[in-house]
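Take a look at the structure set out below.
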Amino acid sequence: MYNNDSLLTEGKHKFTSLKNIPAKYLLNIAKNTKDELLKDYVERNLDKLEAREFFESRSDENRLGNKCKKVSYMTEKEALLEKTEKLTTQIRSKLTTRFGVN
């Protein structure tokens, strides 16, 4: 009988404990494996695995959506100049929106 500390004996995550394997992978492999004990583990933990799969997919979306745009500058002066220009543009935009000032 498998538990969360049991090691997977096949596939991409071979020799990894079941608790450390992505839920989506476990759900998929359980459909195709001949290992009845693994199928039983997935069936016993189906609710937990589906919930884990949901949260894992949400965290993947967040990670992918929040990529940092890195910019390199030749000098510190160039970096400060661009930052000042961006701030000036933002301030002008807010003044125009709030007070109708150009």
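Quick look at the numbers
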read-out	value
Residue ID - nearest to K14 (Cα to Cα), chosen from residues in segment 31-45 that are out of contact with any Asp or Glu (no Cβ under 8 Å at 6 or more places or on another chain) and surrounded by 14 or more Cβ atoms within 10 Å (Cβ to Cβ)	L38
Residues located in segment 12-22, provided they are crowded, with 16+ Cβ neighbours inside 10 Å and in a helix (DSSP H, G or I)	L18
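A short reminder: the numbers here are calculations on the coordinates, not readings from a lab. What you see is a predicted model; the values in this text were computed from it and never measured. For neighbour counting, all protein chains shown are included, and Cβ atoms are generated from backbone atoms with ideal geometry for every residue, glycine included.
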